[in-house]
Structures are given as structure tokens and as C-alpha cells.
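Some notes on the structure that comes next.
The values are calculated or read from the model by the stated rules, or taken from the named source; none is laboratory data. Computed from a prediction, not measured in an experiment: that's the story for all the values here. Reconstructed Cβ throughout: ideal geometry from the backbone, glycine too, with neighbour counts over all protein chains shown. Accessible surface areas use protein heavy atoms only, side chains included; no ligands, DNA or RNA. Shrake-Rupley method; radii C 1.70, N 1.55, O 1.52, S 1.80 Å.
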Amino acid sequence: MTTFIDLINETNLALTGYTNRQDQATYLTSPITAGALTFVVADGTVLTRGLVEIDDELIWVDKFDRTSNTATIPAYGRGFRDTVATTHTAGTRVTIAPSFPRSVIRRNLNLAIDGVYPDLFGTYYTSFTWQAARTTYPLPQEAIDILGCSWQTIGPSKEWLPVRHYRVDRMANPITWNTGKTISIREGIIPGRPLMVTYTKKPTVLQYDTDDFTMSGLSDSAREVIIL
């Protein structure tokens, strides 16, 4: 399983590589709150006035005391360049003048996920129960094309049979069908049996570090495309 944070780390590694040109860094010796305007680092020889990165937050340092290894931040310095000011624990890496800020990598990964459509598309599923007197069922509004439709037979085999005769209406009456999209099936299906429709949609961007990459609708193998 590849999470969003794994994707960010892989991309950062691809950008920086294994060369000697690595960003200078130290670490916090004590935690800081989202509103703190000072922080203390372990190594004062690498830190100067300017931009630093802690986790995904960019911070502007106004001055630095090399005796106490304490950085002072102006009022505008937290959550710099549209990042989010948040808490940071002791031991967290402090990167000085990051070449590739993680917030920028995060944003561009989502731009890549959003931009690969229609060359790459997300695959999703929806299901419903077949009713004897009904042939038309709503599809999710996000559905674009149907990849397949099947229903589960009765019996211990639990076999799913393909539905070969169906029609998709992408302009369904929104008063009757609030999603504006339906599928009509013309086959002899046993009432009460579950049906599953596989459809395509535009990939979904990721939000949290723990989000599985496949939550985008893309297969895990597509992550190399997104990173590149």
C-alpha cells in the first residue's frame, strides 16, 4: 500500500536524488505550538535568517541567536507562502531553505492526479438490488463511462454473471433522477439479487498523509507516472 506521505517522500527523493547537493538541516529540541514565534534547534551553525521548513509548514525566520540556538519568527512568519501553521514535535527535522518544499510537492502531486485524465482514469463501483418491476437505476453523478455490469446468482457458487444488454443515459431527467445519470438493464435477472456496475471517473485528489494512493481511483502501479 502506498500512502500519500509515501508518494511525497518518493517524489522528494526523485527530485533531490542521491547527490551531495542536499539541503542543510537540523532538528527541534523541544515542541512548538501552531502560534509559537520562537523555536530552538540542536545545531545553530546551519541556521540563519530566512526560510525554513518543518514538516509541511514553511516558516520565515527573522533572526537567530547562535548562543541559545533560538530562532525568532515575525508575526507573518508562520504558515508562510500559504502553508498551514501547526504544532511540531521535538526531534522534527528543520530544513534550511528547502529546494523542494513538501507543500509544493503535495500540491503538484494532486495537480498531476487531477491532470492525467482522460489518458488515465479512476475506476469505481456502485451496487444496487434488482427489483422485479424496475429496469432503470441511478448512477453516481461522477460516473463517466461504464466498464462493466454483473449480477450475483443464487447458490453456493456465488457466481457473478455479466450483464450484456444495458443502456446508459447521461442526460437523465434530474427531477426524477437527482444524479442526472441512469443505467437501464434489459435482461432476465432474478429479483432481489445484487448488481454491481464498474464505471470510470476523473481521479480523486488525496488529502491526508494516510490516504491510500488507490483512493484516487488509480491503480498502485500508476504512482510512478504521477511521480514523474
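For the chain, with a Gaussian network of springs between Cα atoms less than 10 Å apart, report the residue from E142, E53, E187 with the top mean-square fluctuation.
Fluctuation is largest for E187.
Looking at the chain as a GNM with Cα springs under 10 Å, which of V46, V94, V116 has the largest mean-square fluctuation?
V46
For helix 102-115, report the angle its Cα long axis makes with the longest principal axis of the Cα atoms of the chain; keep it between 0 and 90° and round to the nearest 10°.
20
How would Y166, Y137, Y208 line up by accessible area, probe 1.4 Å, largest first?
Y208, Y166, Y137
Charges at C-beta only: +1 for Lys and Arg, -1 for Asp and Glu. How large is the resulting dipole of the chain about its Cα centre, in Debye rounded to 20?
660
List the lysines whose alpha-carbon lies under 23 Å from that of K202, not counting same-chain residues fewer than 8 positions away?
K181
If you add up the charges near T136, with Lys and Arg at +1 and Asp and Glu at -1, over every other residue whose beta carbon is less than 14 angstrom from its beta carbon, what do you get?
+3
Calculate, in nm to one decimal, what A90 and V104 gain on full extension: separation in residues at 0.36 nm each, minus their alpha carbon distance.
Answer, rounded to one decimal: 2.7 nm.
Of the heavy-atom accessible surface of region 103-228 (probe 1.4 angstrom), what whole percent is carbon and sulfur?
Reported share for carbon and sulfur atoms: 55 percent.
Can you tell me the FRET efficiency between R193 and D169 if r is taken as the Cβ-Cβ distance and R0 is 30 Å, rounded to the nearest 0.05?
Once the sixth-power term is evaluated, E becomes 0.85.
Remind me, relative contact order of the chain in percent, using alpha carbon pairs under 8 angstrom and six or more residues apart?
It comes to 23 percent, rounded to a whole number.
Specify the inter-centroid distance of region 19-56 and region 87-103, based on alpha-carbon positions, in whole Å.
If we compute the Cα centre of each part, the gap is 6 Å.
Please list, in order along region 61-75, the HN-Hα scalar couplings obtained from phi with the Karplus expression 6.51 cos²θ - 1.76 cosθ + 1.60 (θ = phi - 60°), rounded to whole Hz, x for Gly and Pro.
Couplings: 9, 8, 7, 9, 9, 6, 6, 9, 6, 9, 9, 10, 10, x, 4 Hz.
What nm distance separates the two modelled labels at S30 and N178, each placed 7 Å from Cα along Cα→Cβ?
5.3
Residues of the chain: accessible area per residue at 1.4 Å, in Å²?
That works out to 57 Å² for each residue.
For the chain, modelled as a Gaussian network with Cα springs under 10 Å, which listed residue fluctuates most, P74, P101, P174?
It is P174.
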